[in-house]
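Below: the structure, in structure tokens.
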Amino acid sequence: MNKSILSLAFAALTISGAYAQNPKFTLHIDEANKNVSPTLYGMMTEEINFSYEGGLYAQLVRNGSFKDDVNGQRKNPWTPWKPGGPQYWTLTDTVAAKMHVDPRGGFNEANKSALVLDVKVNNGGVAIDNEGFWGYPVKSKAHYNGAIWAKAGDGNAKSLKISLVSLDGKTVYASTQVQGLSEKWQKFEFSLNIAAKVALSKKAKLRIAVGETGKYLLDRVTLFPETFNGRKNGLRVDLMTMMKNMNPKFLRFPGGNYLEGNDFKNRFDWKRTIGNPDERPGHMSPWGYRSTDGLGLLEFLTWAEDCGAEPILGVFAGYVLSGDYISGEYCDGFVQDALDEIEYVIGGPETKWGAQRIKDGHPEPFPLHYVEIGNEDFFDNSGSYPGRYKRFYEAIKAKYPQLQCISTIDAKMMSEQAKRAGIEDVKLDVIDEHYYRDCDDMYRAAHQYDTYDRKGPKIFCGEWATREGKPTTNMNAALGDAAWMTAMERNSDIVVAHCYAPLFVNVNKGGMQWESDLIGVDTHKAYGSPSYYAQVMFANHVGDKIVPVTVEDMPKMKLGKGGESDQVFYSVTRDSKNGNVYLKLVNGGKNAQPVTFALDGVKTVKGKAEKWQLSSAQTTDTNSMDEPTKIVPVASKAAVGKNFTVTLDPSSIVVLTLQTK
Ligand code: AHR
């Protein structure tokens, strides 16, 4: 080799930051004795980034109960309410009619506000338009079910015409009449059907036109397109399908910060989220907008069920995000709430809350193994968590000894705070750890769990993400995620479960509160980030036994922020029933990397393995609403045997399925 070729090769290695060295992996298949946790891969959710309102919860009308008033105000409690106008609604003719929100005009306690529409002239053009959550989805043969509460404020108002129309109002996609308004509140149910050929679009709005002059009072307008499994008050088909494809074994809900709320009034108060959706008052999400609680406790549970997952139930534990907390015997009301909630989830017909669940439409109890006490209580500077945790833990264990309780602070913090507070004998089953990192830090952490004390409490990594890219993550983030997932899977004898967060982001302007999310959502479409596809690949290829691996000659790579890490990340599991060995590999380097494998303890290995690969030309590449499938897993076959070499593409994630039976 001449000198210039040599220096070129050296330059390439310097740029890539990797050292030329081929690692050798010996897989000790016959020593695969430790179990992979059956709940290892799951999902975490909360109302953030318009995940439900304007996202998964299929209801399309925004501010349907007229609770969000643009200018409505009361200077102080003793001055009269000065009405404004309803947010997200527009009056088409402000001369012929006037509208305002009456905060005390609604049809029940949960819906105290109503829209008052005073029509002076019936010129055929008076209507109110709802803009929805950044539009309404329309397409050929779409069918919608809706409802509206209405009454006549005088003897004249009698009928309404409800339509889905284009933004300029010129195209009517679907329309129906509502007749028989009277001076009593009534609920009118209706359906809209799009018969014509219509290209998928969100450039549409809901129009409610008046039939007569007169005074109309309107409240709680809802409209649902087709829902997953046809559930009433249900969830979006496309998003549920995407989640099902993640093969999740659990759903952690309802948060996250959404569990705690900014203040006590706005915590996730589960009893106000069940039963008839018309009777749910809703509350403010800590992420700055209103939740109708249409997606309430039962909808969370059936969501999990419809995805083949079990709930990991977060119970409110007396601490809110403002820093307020209730402890000692004062928090026993919340302890009782948690016990009631668990009873709602798993109780039989003989129990009060089990009977309530049956009445609400779900006769069978749900499976439940884990209950999390609070969320991120390491933010509670008062040190009240050990005391609160202990009260919840002991009450839950006394009634449900089969359940595992999850602490939101680690063993060290728990013991220090407990000592300071004079609290003894705090027991820990599982600790929830949260990690939001960049890709390099994920690489650096890839051996974190290898050294965890096997005798200590188990680990639930209840929130984690490689935060690179926005609104959804890029390929580099997917590499960091995959490296981190190998770390958790290799150690899933102690890591019992893990889930990425946040799950969804509404990609419209104003939709995102938290950058770097898994699935991008618009009202009519959705797409998965590269991180999403890494999850799909990993969670669909996992055995029940962890295969020990000996690694020799691991190449190291330099990291952007300084220091170095391994270049190749790995995890191997085996399915003891069908003998499949799942080999997960991540090449963090910018160079192609040959890796050599030797399989110990198997008699035969089929010559061709199924191979899935996720990669892209640039690590900053990403998917988007316009290019939803730019980066997706690609299938091929790889030549394998008892001894073989695979060359990993630069910056790639690979899953191989080897058949050893
Ligand atoms: O996932 C976003 C937020 O991050 C969660 O609500 C909270 O638990 C964490 O701080």
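Estimated at 0.36 nm per residue, the fully extended path between Asp154 and Arg454 surpasses their Cα-Cα distance by 100.7 nm. Taking Cβ atoms as reference points and 13 Å as the exclusive limit, the residues near Phe188 contribute a net charge of +3, counting Lys and Arg as +1 and Asp and Glu as -1.
Restricting the calculation to Cα atoms, every distinct pair contributes to the Kirkwood radius of segment 358-400, found to be 12.8 Å.
Judged by the mean number of other Cβ atoms found within 10 Å, the most tightly packed of the peptides 504-516, 57-69, 616-628, 447-459 leads the ranking 57-69, 504-516, 616-628, 447-459.
Between the helical axis of 297-306 and the longest alpha-carbon principal axis of the chain there is an angle of about 50 degrees. Extension gain for the segment Asp600 to Asp93, taken as residue separation times 0.36 nm less the Cα-Cα distance, is 174.7 nm to one decimal.
Checking the Cα-Cα distances for Lys244/Lys603; Lys558/Lys584; Lys244/Lys455; Lys34/Lys558 against a 31 Å cut-off, the pairs over it are Lys244/Lys603; Lys244/Lys455; Lys34/Lys558.
Taking a sphere under 10 Å around the Cβ of Phe538 and counting the other residues whose Cβ falls inside, with K and R at +1 and D and E at -1, yields a net charge of -1.
The gain in end-to-end length when the Glu189 to Asn540 segment is fully stretched comes to 122.2 nm, 0.36 nm per residue minus the alpha carbon separation.
With everything on Cα atoms, drop me the angle between helix 385-399 and the longest principal axis of the chain, reported from 0 to 90° to the nearest 10. Its long axis makes an angle of about 90 degrees. By the gyration tensor of its Cα atoms, with a ≥ b ≥ c the square roots of the eigenvalues, what is the shape of segment 107-176: rounded for a/c under 1.5, prolate for a/b over b/c, or oblate? Oblate, because a/c is 1.5 or more while a/b does not exceed b/c.
The 3J(HN,Hα) values that the Karplus relation (6.51, -1.76, 1.60; θ = phi - 60°) gives for segment 36-50 are, in residue order, 7, 4, x, 10, 4, 9, x, 9, 10, 9, 6, 7, 9, 6, 6 Hz. Gly and Pro appear as x.
The angle between the Cα long axis of helix 475-490 and the longest principal axis of the Cα atoms of the chain comes to about 70 degrees, rounded to the nearest 10. Dividing the convex hull volume of the alpha-carbon atoms in the chain by its residue count gives 192 Å³ per residue.
Amide H contacts under 5 Å for Gly314: Phe253, Gly255, Glu372, restricted to partners 5 or more places along the chain or on a different chain, H placed in the peptide plane at 1.01 Å from N. A 1.4 Å probe run over the protein chains yields, for the chain, 41 Å² of accessible area per residue, whole-number rounding. Put simply, segment 89-224 fits an ellipsoid with semi-axes of 25, 16, 14 Å; these come from the alpha carbon gyration tensor as the roots of five times its eigenvalues, largest first. Put simply, the Cα atoms of segment 551-661 extend 44, 36, 21 Å along their principal axes, the longest span coming first. Projecting label points 7 angstrom from Cα along Cα→Cβ for Thr645 and Lys197 puts them 5.6 nm apart.
Summarising the label geometry, the points placed 7 Å from Cα in the beta-carbon direction at Val70 and Lys470 lie 2.8 nm from one another.
Summing charges over all other residues whose Cβ lies under 10 Å from the Cβ of Glu463, with Lys and Arg as +1 and Asp and Glu as -1, gives -3. Amide H contacts of Thr473: Asp517, Ser531, each under 5 Å away and 5 or more positions distant or on a separate chain (H built 1.01 Å from N in the peptide plane; Pro and chain starts excluded).
The values are calculated or read from the model by the stated rules, or taken from the named source; none is laboratory data. For clarity, every value in this text was computed on a predicted model and none was experimentally measured. Using ideal geometry, Cβ is built from the backbone for each residue, glycine included, and neighbour counts are taken over all protein chains shown. Calculation scope for accessible area: heavy atoms of the full protein, side chains included, ligands and nucleic acids excluded. Shrake-Rupley method; radii C 1.70, N 1.55, O 1.52, S 1.80 Å.
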